[in-house]
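Take this structure first; my questions come after.
The values are calculated or read from the model by the stated rules, or taken from the named source; none is laboratory data. Everything quoted here is computed from the prediction, not taken from an experiment. Heads up, the Cβs are rebuilt from the backbone with ideal geometry, glycines too, and the neighbour counts pull from every protein chain shown. Ligands, DNA and RNA are excluded from the accessible area calculation, which covers all protein heavy atoms including side chains. Shrake-Rupley method; radii C 1.70, N 1.55, O 1.52, S 1.80 Å.
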Amino acid sequence: MLIKRRSSIKSSEITPESVYVNRRRFLQGLAGTTALALTPGASAIPAYSLDKDQPQYPGPDWLQGALRDSVRNEAFSTDEKPAPYGNIITHNNFYEFGLGKQDPSQKAQAFKTDPWKVEIAGEVNKPGVYNLEDLLRPHALEERIYRLRCVEAWSMVIPWMGFSLGDLLKRFEPTSKAKYVEFTTLQDSEQMPGQRSFFSTLDWPYVEGLRMDEAMHPLTLLAVGLYGNALPPQNGAPFRLVVPWKYGFKSIKSIVKIRLVEEMPGTTWNRTASGEYGFYANVNPAVDHPRWSQATERRLPSSLFSPNIVDTRPFNGYADEVAGLYSGMDLQRWF
Amino acid sequence: MVLTGIRANTLKPYALWWLVFLLPLLPLVWLFEQAWSMNLGADPAQAIVKFTGLWTLRLLWITLAVTPLRRIFHWGWLQRYRRMLGLYALFYAMVHLLAFATFILGWRPDLLWRELSERPYIVVGSLALLLLIPLGITSTRGMQRRLGARWVKLHRLVYVIALLAMVHFIWQIRSSFEDQLFYGVILAALLGYRIWMRRNSLKRKNLLR
């Protein structure tokens, strides 16, 4: 049996950047020279046909090898069709860059995401401030195609590249007091115009949280890439959380701090409107947002004259994997 | 010479009429162009609904501004365009609702019922549109003559409609109230002016007595 081995040669030494920026072209080049390194049957990332005129986000040099070596995790990936790359990078909420869905893509392009430091704090044996590069080095990246369900009742299928949050947390040795994980987004009003807004009801920095068992669940992803590229700044570069069974606002972007704590942490949307956004925020068609129904969602892209309306599923379709985390809990109360 | 003079006089209001008729169509033309060239982003449905809703509000506010502007700046000519502006507000409101039902709900009866029974801001918005319809129907000169004093009373409904539209707008605030504050302040000024005028005219009446 052949087992896939990671090459010890830095991939940037094999392939010039101009070639590996475009994955499809890279794979074509690879086929001629290092075809033997690829195991037959290994699920290499398919060649995404990104249009040339679409913005490319190659990311920092140190990320190239990991991005290129990433392999699709088929077990964790939906076979639903991913939204086009152009849609994913121009339609999302990132209120630090404005309230409109296109604001992030328009206002985040100059956002500096490398170098990046992340603080690991709280109930761990190895707290400290780390360079993102060092933080990510031991982790092999996987591609996972997840559904993302926004609390505003639209959804997209997105191919992320990243690794399980749990694998990272274990390295820092959580103590027995670690019951929750609190995440914090960068606060930098120079770079993030939304944080300067006088009219916003949100407190900055953006904070989110997970219960420890949710954080350790293998589906909980730390994403650094998208569609074979690095994560674009508007989508939460350089690294973000993706919790596919919860509403999108739980999946905090551009993380600068991960703190393990004993008490349930406060979260930004819950502080702003506790009656509308709970701590858990599990996708649940049976619990409506006070102002709108959550029973259905519009899967984007959606054609104008026959809108792509699909029924929202409990835990966004990941109930088999995660419903057990909440057994015995009243989900109407802990929404 | 005399003839051209007459012509110029009749042409001028005629040109102005066309201007007021065509200008409010521009946003819709722009929207069509943007939709046609796929420029409305990943969720054009939401973009169209939002855009037409905002223009309904703008046209309604502009209609409500006719009376104060006419009185303050003595622009008597403005009055004759009020009906058209009001009808445009109704027109955009209808496009707004049609776009919502078609592009967002796909005319699914279960969703239509659900939205109308569960989303209070949609109920309020629909009510505003519903009340606007009789005003549109009775906007003709003939109806105005036939209804007489009752016409004035009926058309005071526009204040209620504007307030309902404002509530519909406010109810959608997620985290920023910037736009709502902007439109709210203008509406407050437009309605405040009427209250102020009314109080003045009451005072004058009392003085005369």
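Hey, residue B:59 hits all of (1) within 12 Å of another protein chain (Cβ to nearest Cβ); (2) touching a Leu at 6+ places or on another chain (Cβ under 7 Å) but one; which does it fall short on?
For residue B:59, the failing item is (1).
Given the conditions (1) open to solvent by less than 10 Å² (accessible area, probe 1.4 Å); (2) within 14 Å of another protein chain (Cβ to nearest Cβ); (3) touching a Lys or Arg at 6+ places or on another chain (Cβ under 6 Å), and given that residue A:143 satisfies all but one, which numbered condition is not satisfied?
With (1) open to solvent by less than 10 Å² (accessible area, probe 1.4 Å); (2) within 14 Å of another protein chain (Cβ to nearest Cβ); (3) touching a Lys or Arg at 6+ places or on another chain (Cβ under 6 Å) applied to residue A:143, the lone miss is (2).
Filtering the stretch B:38-79 down to residues that are crowded, with 21+ Cβ neighbours inside 10 Å and among the small types (Gly, Ala, Ser), which residue is modelled with the lowest pLDDT?
Applying the filter and picking the extreme gives B:42.
If you don't mind, there's one more thing I want to ask. Of all residues in the stretch A:276-295, count the ones that are in a strand (DSSP E or B) and either under 23 Å from the mean Cα position of the chain (by Cα) or away from chain B (no Cβ under 11 Å) (or both).
So the count comes out to 1.
Scan the stretch A:98-134 for residues that are without any contact (Cβ under 8 Å) to a residue 60 or more places away in the chain and over 29 Å from residue A:283 (Cβ atoms) and jot them down.
A:115, A:125, A:126, A:127, A:128, A:129, A:130, A:131, A:134, listed by residue number.
Just to be sure before I move on: is residue B:27 away from every other protein chain (no Cβ under 14 Å), under 26 Å from residue A:102 (Cα atoms) and touching a residue at least 24 places away in the same chain (Cβ under 8 Å) in the structure I sent?
Against the criterion (away from every other protein chain (no Cβ under 14 Å), under 26 Å from residue A:102 (Cα atoms) and touching a residue at least 24 places away in the same chain (Cβ under 8 Å)), residue B:27 qualifies.
Are there any helices (runs of 4 or more DSSP H) wholly within the stretch A:55-113 with 1 or more residues that are open to solvent by 50 Å² or more (accessible area, probe 1.4 Å) and among the hydrophobic types (A, V, I, L, M, F, W, C), and if so which?
Filter on the stretch A:55-113 gives A:61-69.
So that you can scan it fast, the table gives a plain yes or no per residue for (1) in contact (Cβ under 8 Å) with a residue 40 or more places away in the chain; (2) touching a strand residue (DSSP E or B) at 6+ places or on another chain (Cβ under 9 Å); (3) more than 13 Å from chain A (Cβ to nearest Cβ):
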| site | (1), (2), (3) |
| --- | --- |
| B:164 | yes, no, yes |
| B:167 | yes, no, no |
| B:171 | yes, no, no |
| B:180 | no, no, no |
| B:187 | yes, no, yes |
| B:199 | no, no, yes |
| B:207 | no, no, yes |
